[in-house]
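What follows is one structure encoded as structure tokens, with my remarks underneath.
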Amino acid sequence: MNANPDDTDLDILASLLRDVARDEILPRFGHTSASAKADGSLVTEADLAAQRRLLAACREGYPDIPMLGEEMSTEQQQRLVGDGSSTFWCLDPLDGTSNFACGFPGFSISLALMRGGNAEMALILDPVRDECFTAARGCGAFLNGEPIRPFAPGEMLADCLAMVDFKRLPPERIARLFSADSFRSQRNLGSVALDWCWLAAGRFQLYLHGGQKLWDYAAGRLIADEAGVISTLFAPNGDRPLAGVGLDKRTAIAAANQGLFERWLALIDPPVVR
């Protein structure tokens, strides 16, 4: 592997993610228990084993680039983020742990290379479907090596499928999302990383999620942006887009094209406070 990774490393890293999924994640699917962390989210031995394996592999292949993993302590994560100018790997070893623990086949491994506050390289593997989504900044987005683009069946919100995480929305803000001119139908996949990838691949057109951490969106948003998705991140109680990196939760709003994004943003009407 290169000491300073670039898009030529994507194939190598994709193979690594597949190896880790085959050895550490899929054998435990349906055969492992979960425990609750301090924030209420779940963790399993598959999360921990995948993080250990990927941490060791990236240390060997890229010894000068540290790794921020979801299953590290907040103090360790904050040291790696620093003032936002550092370079580090950002890993979610098992995005969709609740799905995984309940036997629902919607989970992934998400890995991004962060430089100076931006994701520069991204890989997300859906091991159940053997779908590996990749992107390098300025080079487009791909699914198993084939280019992907978002798809819109029409110009209006009512033409579109929406991926909405209602749990993190204030109850009083939900009713407006079911107005006559809102989306055609709604889904909730349960894996944020795959949400971004499926939007990039044209499997739905509108997106709203109110509580994403850095490891949730780092890789997925780059893949979506490189595919042509229009997106922005807000503080949950803010009405202005955020930039840079941080450990705070962020509200993600996105759509398949600019026209749909503007209509969707107007319907949502940030801030979305929870």
Which condition from (1) of a type outside the set (Asp, Glu); (2) closer than 28 Å to Leu267 by Cβ; (3) buried (at least 22 other Cβ atoms within 10 Å of the Cβ); (4) within 19 Å of the chain's Cα centre (by Cα) is the one that Ala122 breaks? (2)
When residues of the stretch 215-247 are limited to those that are among the charged types (D, E, K, R) and out of contact with any Ser or Thr (no Cβ under 7 Å at 6 or more places or on another chain), the one nearest to Ile124 (Cα to Cα): Asp216
Please enumerate the residues belonging to the stretch 27-51 that are in contact with a Lys or Arg (Cβ under 8 Å, 6 or more places away or on another chain) and either more than 17 Å from Leu16 (Cβ to Cβ) or modelled with pLDDT under 95 (or both). Val43, Thr44, Glu45
Strands (runs of 3 or more DSSP E) wholly inside the stretch 91-159 that include at least 2 residues being farther than 30 Å from Ala36 by Cα: 118-126, 131-136, 141-143
Take the stretch 190-215 and flag every residue that is within 13 Å of Ser231 (Cα to Cα) and part of a loop (DSSP other than H, G, I, E, B). Gln205
Qualifying positions in the stretch 40-51 - surrounded by fewer than 18 Cβ atoms within 10 Å (Cβ to Cβ) and either in a helix (DSSP H, G or I) or in contact with a Pro (Cβ under 8 Å, 6 or more places away or on another chain) (or both): Glu45, Leu48
Touching a Phe, Trp or Tyr at 6+ places or on another chain (Cβ under 8 Å), over 26 Å from Leu10 (Cα atoms) and surrounded by fewer than 24 Cβ atoms within 10 Å (Cβ to Cβ): does that describe Leu189? no
With the checklist (1) under 21 Å from Asp19 (Cα atoms); (2) in a loop (DSSP other than H, G, I, E, B); (3) of a type outside the set (Lys, Arg) in hand, flag the one item Leu54 doesn't pass. (2)
Of the residues in the stretch 1-21 that are among the charged types (D, E, K, R) and in a helix (DSSP H, G or I), the one that is farthest from Ile223 (Cα to Cα) is Asp19
Starting from residues that are more than 23 Å from Asp195 (Cα to Cα) and of a type in the set (Ser, Thr, Tyr), keep the ones in the stretch 66-101 and report whichever is surrounded by the fewest Cβ atoms within 10 Å (Cβ to Cβ). Ser73
Taking the stretch 22-39 and keeping only residues that are part of a strand (DSSP E or B) and either polar (S, T, N, Q) or under 23 Å from Glu131 (Cα atoms) (or both), one is left with Ser35
Check off (1) of a type in the set (Gly, Ala, Ser); (2) under 23 Å from Phe261 (Cβ atoms); (3) in contact with a Phe, Trp or Tyr (Cβ under 9 Å, 6 or more places away or on another chain) for Ala175 and give me the number that stays unchecked. (3)
Given the conditions (1) touching a residue at least 40 places away in the same chain (Cβ under 8 Å); (2) among the aliphatic types (A, V, I, L, M); (3) within 24 Å of Ala152 (Cβ to Cβ); (4) assigned to a helix (DSSP H, G or I), report the number of the one that Ala218 does not fulfil. (3)
Residues (within 21 Å of Ala200 (Cβ to Cβ) and under 23 Å from the mean Cα position of the chain (by Cα)) located in the stretch 158-179: Cys160, Leu161, Ala162, Met163, Val164, Asp165
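The values are calculated or read from the model by the stated rules, or taken from the named source; none is laboratory data. Keep in mind that what you see is a predicted model, and the values were worked out from it rather than measured. Neighbour counts run over all protein chains shown; Cβ positions are idealised from the backbone, glycine included.
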